[in-house]
Amino acid sequence: MGASYGKLMMWFFLLSDAFTFSGLLITYGLVRASHPIFEGLPADFIFSTEYWPIPEKVFEAVPFLHGYSLPLVFVGIMTFILIMSSVTMVLAVEAGHRMDRKAVEKWMLWTLVGGIAFLSCQAWEWTHFIVGTDTATMKDVFNLKTGIWDQVKVTGANLHVNQYGPQPFADFFFFITGFHGFHVFSGVMFNFLIYYNTVTGVYERRGHYEMVEKVGLYWHFVDLVWVFVFTFFYLV
Amino acid sequence: MGICIHILLSRITTIFMAHHSNEPQVTVLPPDKEKIKKLWTVAGILGAVTAVEFVIAFTMSHGPAKTAIFVILTIVKAGYIVGEFMHLRYEVKVLFWAILIPTLFIIWMLVAFVYEGMQMPVF
């Protein structure tokens with residue numbers, strides 16, 4: 001095909017991975033479409049298990065700014081971090097083409113910083129999502145012992161309860177952002193490997209930096225998936 | 001723990017020292033200014049499109065039109081990432097189409113499933 005074996009296989013792996021992510025995001029679309037939407041004005045929105053939440057009302061917290069409503073600001077910062085680390089990765093690839101080891105080292109290090117920063121942001125976001133907001137949401141929970149429905153106060157979300165809306169909303173949040181986050185994590189591991197091999201001169205002795213390109217493809221794919229997660233989970 | 005780190009550091013230092021002695025001769029080419037400028041332009045476009053998405057998110061009311069705009073802008077961003085950053089635009093045509101054509105199935109899957117979701121309300 002005119003492309004090297006390694007790059008070709010990476011492309012086919014990424015294509016199959018794209019189908020996996022599509023499966024997750026499309027199932028989210030199916031489940032969301034089967035739930036009622038909030039009919040009132042966004043300003044009057046309150047959390048309820050009766051309808052699907054408006055994402056910008058769920059994701060409005062930013063570290064160190066407790067109590068302020070800053071919808072989608074933090075997730076915007078995360079998007080910016082990931083785009084920037086994609087740029088530094090492609091600059092590392094460019095440096096590799098020129099056999100410039102020092103430049104590859106520099107840009108791989110920046111890419112690593114970006115990846116770790118993104119993961120840290122996600123750790124904070126998950127913590128906030130799990131712990132919940134200051135005001136609890138009332139929810140009907142079926143009591144197995146008494147056989148009646150109890151009104152319970154719910155804060156935060158996990159795979160059993162969800163204060164933000166119907167249970168599947170929390171489940172999808174954990175599965176979709178979790179699966180993406182795990183990709184970012186493995187990407188950081190691969191990037192570190194590339195950085196290490198560059199520093200120790202493995203690619204210089206090999207005569208080419210194609211590994212940087214292959215792992216670069218993976219890293220850009222992680223950014224690509226985030227673009228879709230950002231739109232379909234946070235914006236729409 | 002401290003000893004472990006010390007050993008690790010000394011190993012790394014050894015590696016650093018080592019490749020000075022038996023380093024292969026490589027010619028480093030100067031940076032391709034035009035190419036680098038283009039990459040930053042693409043990054044600028046991605047940032048700008050995201051900024052536009054933010055503006056739309058808070059100025060337009062929810063509805064099919066808003067969703068359609070978001071989908072189009074997402075595809076624009078995806079096009080730049082795959083085409084420029086992943087270099088697919090410049091690969092051989094066979095590879096280009098081998099990647100692009102199967103993604104049509106994703107669109108089919110999307111339409112079919114979301115339609116199905118609208119037909120089976122939970123409440």
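The values are calculated or read from the model by the stated rules, or taken from the named source; none is laboratory data. Here the structure is a predicted model, which is why all the values come from computation and not from measurement. Glycine also receives a Cβ, built like all others from the backbone with ideal geometry; neighbour counts cover every protein chain displayed. Just so you know, the surface numbers come from the protein's heavy atoms only, side chains and all, with ligands and any DNA or RNA stripped out. Shrake-Rupley method; radii C 1.70, N 1.55, O 1.52, S 1.80 Å.
Scan segment B:49-63 and report the pairs whose first residue is closer than 17 Å to A:F38 by Cα and whose second residue is part of a helix (DSSP H, G or I) and not aromatic (F, W, Y), with Cβ atoms within less than 8 Å and a gap of 6+ or a chain change.
If the second residue must be part of a helix (DSSP H, G or I) and not aromatic (F, W, Y), the pairs left are B:A57/A:E56; B:A57/A:L235; B:F58/A:E56; B:M60/B:K66; B:M60/B:I69; B:H62/A:P42.
Residue by residue, here is whether (1) hydrophobic (A, V, I, L, M, F, W, C); (2) open to solvent by 80 Å² or more (accessible area, probe 1.4 Å) holds:
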| site | (1), (2) |
| --- | --- |
| B:K38 | no, yes |
| B:V42 | yes, no |
| B:L46 | yes, no |
| B:T50 | no, no |
| B:T59 | no, yes |
| B:A68 | yes, no |
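Could you tell me how many of the residues in segment A:204-217 are within 10 Å of chain B (Cβ to nearest Cβ) and crowded, with 18+ Cβ neighbours inside 10 Å?
Of all residues in segment A:204-217, those within 10 Å of chain B (Cβ to nearest Cβ) come to A:204-207, A:213, A:216-217.
Those left that are additionally crowded, with 18+ Cβ neighbours inside 10 Å: A:204, A:213, A:216-217.
The number of residues fulfilling the criteria is 4.
Does segment A:30-50 contain at least one residue that is among the β-branched types (V, I, T), farther than 29 Å from A:V212 by Cβ and away from chain B (no Cβ under 11 Å)?
Initially, segment A:30-50 is screened for residues among the β-branched types (V, I, T), giving A:31, A:37, A:46, A:49.
Within this subset, residues satisfying the condition of being farther than 29 Å from A:V212 by Cβ are A:31, A:37, A:46, A:49.
Checking the rest, the ones that are also away from chain B (no Cβ under 11 Å) come to A:46.
Yes, because at least one residue in segment A:30-50 is among the β-branched types (V, I, T), farther than 29 Å from A:V212 by Cβ and away from chain B (no Cβ under 11 Å).
Report, by residue number, each residue of segment B:70-122 that is among the charged types (D, E, K, R), surrounded by fewer than 16 Cβ atoms within 10 Å (Cβ to Cβ) and within 22 Å of A:L15 (Cβ to Cβ). Before the answer, list the steps.
Restricting attention to segment B:70-122, the residues satisfying the condition of being among the charged types (D, E, K, R) are B:77, B:84, B:89, B:91, B:93, B:116.
From the residues that got through so far, the ones that are surrounded by fewer than 16 Cβ atoms within 10 Å (Cβ to Cβ) too are B:89, B:93, B:116.
The answer is B:R89, B:K93.
Restricting attention to segment B:70-118, and to residues there that are facing another protein chain (nearest Cβ under 9 Å) and aromatic (F, W, Y), which single residue is nearest to A:E213 (Cα to Cα)?
This residue is B:F85.
Which one of these is farther than 30 Å from A:V31 by Cβ and of a type in the set (A, V, I, L, M, F, W, C): B:L39, B:L46, B:L100? Working first, answer last.
On the way: B:L46 fails: farther than 30 Å from A:V31 by Cβ; B:L100 fails: farther than 30 Å from A:V31 by Cβ.
The match here is B:L39.
Out of segment A:60-79, which residues are at pLDDT below 90, within 12 Å of chain B (Cβ to nearest Cβ) and open to solvent by less than 30 Å² (accessible area, probe 1.4 Å)?
A:L72
Mind listing whichever residues of segment A:24-50 are open to solvent by 30 Å² or more (accessible area, probe 1.4 Å), of a type outside the set (A, V, I, L, M, F, W, C) and in contact with a strand residue (DSSP E or B) (Cβ under 6 Å, 6 or more places away or on another chain)?
A:R32, A:T49, listed by residue number.
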